[in-house]
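Input: a single structure, listed below in C-alpha cells.
The values are calculated or read from the model by the stated rules, or taken from the named source; none is laboratory data. If you're wondering where the values come from, they're calculated on a predicted model, not measured in any experiment. Using ideal geometry, Cβ is built from the backbone for each residue, glycine included, and neighbour counts are taken over all protein chains shown. Only protein heavy atoms, including side chains, enter the accessible area calculation; ligands, DNA and RNA are left aside. Shrake-Rupley method; radii C 1.70, N 1.55, O 1.52, S 1.80 Å.
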Amino acid sequence: MKSLLVLSILGMGVLMGPTVYSFSSDQLALSSLITDHFDAIGAEPKSRKVELGKGVSLELVYISAGKFYMGSTPEEKAWATGPEGGATAGTERESYEGQLPRLMEVKNGFWMGRTEVTVGQFRRFVEETGYVSDAEKPGGMTQVFDPEWKISGLAPPHPWIKAENKSWRDPNFGFPLRDDYPVVCVSWNDGNAFGKWLTEKERVAGRLPEGMEYRLPTEAEWAYSCRGGNEESTYYWWGNDLRDGEGRFNISSVDFLPGRNKTWPLAKVPWSDGFSFVSPVDYFGEKGRNGFGLADMLGNVWEIVLDHFDPKGGHEAFYSVKENYKPVCRGGNYFDVPGNARSAVRLGLHSTSYSDSRDGFRICLGKVVEK
C-alpha cells in the first residue's frame with residue numbers, strides 16, 4: 001500500500017482538501033530513492049545509508065525543495081562584531097554575507113549527509129582507490145595548529161602554521177585521531193574526488209538514478225540545509241539567542257587546550273562543549289540536529305562547498321569561474337568565536353588545493369552540476 005501511495009503521489013499529484021500538490025520531473029527522478037524512505041507529503045525527512053564497505057556507511061537525509069533567506073541583517077552583523085559575538089570589528093568579513101537577506105529558492109529536492117564526512121569514511125575511499133590528497137602530494141602542505149604557540153597579551157599571534165608533513169592522516173591535533181571525527185586537512189579537489197568515487201560506486205551497483213550524482217553541495221543547498229527549514233533569517237538555525245546553543249555545537253568555549261591550562265584566548269561561549277578541537281560527528285545527538293535532522297551544520301569544522309566565492313554574497317544557482325577558483329566554505333569551526341559560526345557566515349579559500357585542520361566537507365546527492 002505504501003509503495004502504491006508513493007507512486008501515485010509522485011506520478012500524478014495528489015488532491016488533499018482544496019489544494020493540489022504536483023511534482024516535477026526532477027522529483028520523479030528521485031522516486032526510486034524516496035519510495036522506501038519518504039512516506040508522504042508532510043512526513044518528516046527520512047534517511048538512507050550508503051554502504052562504503054568493511055562495515056563503514058554514510059547516512060543521508062532527504063531535503064525537499066523550498067525557499068530560504070541567504071545573508072544577514074545590519075543588526076546581525078553588528079551583534080557578530082559586538083561583545084557577545086566577538087568577531088573582529090572593522091574588517092570586510094561580514095560584508096561577504098550581502099547587504100540584506102535575500103529570499104532564494106532551492107528548486108529540486110536532494111539528499112544531504114547527516115554529518116560531515118568522517119575520517120573513517122574518507123579512509124575507505126583512500127583504501128579502495130589509492131587516492132592521494134592534495135596535502136600529501138609532492139610539494140603539498142596544509143595548515144595546522146602550532147604546538148609552540150604562545151598565548152600572551154590581548155592579541156596573541158595566529159596559532160596556525162603551514163606544514164609539509166601533515167595531512168588528514170595526522171592533522172597535528174596532539175591527540176589520537178578517531179574514525180568518527182570529521183576528516184580535515186582536505187581540499188575542494190579532495191571533496192570532489194570523494195563524490196566522484198561514490199557516484200561511480202553507486203552507479204555500478206545500479207542504485208543511482210539518471211541525472212544524479214554525489215558531490216559537494218552548492219552554496220544554496222548548503223545554506224538552505226543549514227537553516228533547517230527556519231523561515232526567518234536568524235543568527236543560528238535555532239534562533240538568535242546564543243544561550244540556546246549550549247549542548248548544540250562545538251565552537252570556542254571554556255575547554256582547556258591539549259597539554260595546557262589555558263583555553264582559546266578569544267571571545268567564547270560561557271560553557272564547556274567538551275572539546276577544544278574537533279568533536280565526534282553528531283556528538284550532541286538530537287539537540288545538535290536542526291529542523292532537517294542534520295548534525296554539526298554550525299561549528300566543529302568549516303564545510304567546503306561547490307561554488308566559487310563571490311565576495312558580494314552567495315548565489316541561488318551554482319556559481320563558477322574558469323580561473324583563480326576560490327571555493328566557498330561555510331559554518332564555522334571549533335576555534336571560531338560565536339560571531340563567526342552563524343548560519344550566514346561565508347569565506348573563500350585560497351585555491352581548490354588549499355586545506356586546513358579546521359576545514360572538512362559534507363557530501364550531497366543531487367542533480368548533476370556542470371562544474
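Cβ-Cβ contacts under 8 Å between residues 6 or more apart (or on different chains), taken from a first residue in segment 120-139 that is more than 20 Å from VAL50 (Cα to Cα) and in contact (Cβ under 8 Å) with a residue 12 or more places away in the chain to a second residue that is open to solvent by 70 Å² or more (accessible area, probe 1.4 Å) and among the aliphatic types (A, V, I, L, M), are listed as ALA135/MET141. Kindly indicate whether GLY285 is surrounded by fewer than 19 Cβ atoms within 10 Å (Cβ to Cβ), closer than 26 Å to GLY120 by Cβ and either under 19 Å from the mean Cα position of the chain (by Cα) or not acidic (Asp, Glu) (or both). Here the answer is yes, as GLY285 does meet what is asked. When residues in segment 167-191 are screened for being surrounded by 23 or more Cβ atoms within 10 Å (Cβ to Cβ) and not hydrophobic (A, V, I, L, M, F, W, C), 7 of them pass. Where strands (runs of 3 or more DSSP E) fall entirely within segment 298-371, those with at least 2 residues that are open to solvent by 30 Å² or more (accessible area, probe 1.4 Å) are at 346-348.
Restricting segment 74-101 to residues that are free of Cβ contacts under 8 Å to residues at least 60 places away in the same chain and open to solvent by less than 40 Å² (accessible area, probe 1.4 Å) leaves a set whose member that is nearest to the chain's Cα centre (by Cα) is GLU94. Can you tell me which residues in segment 251-274 are touching a Phe, Trp or Tyr at 6+ places or on another chain (Cβ under 7 Å) and within 20 Å of ARG330 (Cα to Cα)? Listed by number, the residues that qualify are ILE251, SER252, SER253. Selection over segment 276-290 of residues that are outside any loop (DSSP other than H, G, I, E, B) and over 14 Å from GLU246 (Cβ atoms) gives a count of 2.
Restricting attention to segment 103-121, does a residue exist that is among the β-branched types (Val, Ile, Thr) and surrounded by fewer than 18 Cβ atoms within 10 Å (Cβ to Cβ)? Checked segment 103-121: no residue is among the β-branched types (Val, Ile, Thr) and surrounded by fewer than 18 Cβ atoms within 10 Å (Cβ to Cβ).
Out of LEU306, LEU298, LEU365, which single residue is among the aliphatic types (A, V, I, L, M), touching a Cys at 6+ places or on another chain (Cβ under 8 Å) and touching a residue at least 40 places away in the same chain (Cβ under 8 Å)?
On the way: LEU306 fails: touching a Cys at 6+ places or on another chain (Cβ under 8 Å); LEU365 fails: touching a Cys at 6+ places or on another chain (Cβ under 8 Å).
Sole residue among the options that is among the aliphatic types (A, V, I, L, M), touching a Cys at 6+ places or on another chain (Cβ under 8 Å) and touching a residue at least 40 places away in the same chain (Cβ under 8 Å): LEU298.
In segment 51-81, how many residues are under 28 Å from PHE194 (Cα atoms) and in a loop (DSSP other than H, G, I, E, B)? Matching residues across segment 51-81 total 4.
Remark: pairs (first residue in segment 240-268, in contact (Cβ under 8 Å) with a residue 24 or more places away in the chain and of a type in the set (D, E, K, R); second residue surrounded by 18 or more Cβ atoms within 10 Å (Cβ to Cβ) and outside any loop (DSSP other than H, G, I, E, B); Cβ separation under 6 Å; 6+ apart in sequence or on different chains) = ARG248/GLY288. In the set (1) free of Cβ contacts under 8 Å to residues at least 60 places away in the same chain; (2) within 19 Å of the chain's Cα centre (by Cα), the condition left unmet by TRP271 is number (2). Residues in segment 193-238 that are surrounded by fewer than 22 Cβ atoms within 10 Å (Cβ to Cβ), over 20 Å from LYS367 (Cβ atoms) and among the aromatic types (Phe, Trp, Tyr): TRP238 alone.
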